[in-house]
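Single-structure report; data block below.
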């Protein structure tokens, strides 16, 4: 079947939905990049429309405003992280930190700009995703309690360690992101920083 015949075999309604999904994904991808490079406060709806090369009506078909775009970028990062953290065996101290760090690696692979944005957005805009961020942070802290109880954490505190991970994981990923050994270097660096010798 030729490419044209294959495309025509897809019902029109499905083709329209696919195009809409692609347009929405492009807006989110381009917006995440712009928000990271210029800062959320310095990006207008016009900038988002221009970067995605869409009509104003297309933008407003998917999003009410810039805050809606920001929320649509960041909330899925934390939801995906919560889902991934839920698969970690909390009874196995040897699996906990690698599981948390693999969660960051997976999120980074899914969308580095979205992850960067999730760690750089604060102030009044933090309220847009504070609830899901707090759920993510509490889950990490709860996992780290097992390591603290086992005396494995360098600072002996699940709370301190969770806060250190939140503040250092993304910058460490940025340092190693172009290296083919990124996964290994990230895991080794973070373990050295957080665990007792």
How many nm is it between the label spots at residue 65 and residue 138, if each spot is 7 Å from the Cα in line with the beta carbon?
2.8
Shape call, segment 71-194: gyration tensor on alpha carbons, a/c limit 1.5:
oblate
Hey, got the Cα dimensions of segment 7-138 along the principal axes, in Å, largest first?
51, 43, 22
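Nearest 0.05, what FRET efficiency do residue 92 and residue 125 give at R0 = 35 Å with Cβ-Cβ as r?
Step by step, r from the Cβ atoms, then E = 0.40.
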Helix-only CD estimate at 222 nm, as mean residue ellipticity for the chain, using -39500 (n - 2.57) per DSSP H run (n ≥ 4):
-24500 deg cm²/dmol
Please list log₁₀ I(q)/I(0) at q = 0.21 Å⁻¹ for segment 3-63, using the Debye equation with identical point scatterers on the alpha-carbon positions.
-0.79
Quick one: grab the alpha carbon gyration tensor of segment 36-107, order the square roots of its eigenvalues as a ≥ b ≥ c, and give me rounded if a/c is under 1.5, else prolate or oblate depending on whether a/b is larger than b/c.
prolate
Roughly how tilted is helix 93-110, in degrees to the nearest 10 and between 0 and 90, from the longest Cα axis of the chain?
20
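Report the FRET efficiency, 1/(1 + (r/R0)^6), for residue 175 and residue 13, where r is their Cβ-Cβ distance and R0 is 35 Å, rounded to 0.05. Show your work: numbers first, answer last.
Working: r = 46 Å, r/R0 = 1.32.
So, using R0 = 35 Å, E works out to roughly 0.15.
Coordinate-derived values only; no laboratory data. No experiment lies behind these values; they were computed from the predicted model shown. Don't worry about glycine lacking a Cβ; one is built from the backbone with ideal geometry, like all the others, and counts go over all protein chains shown.
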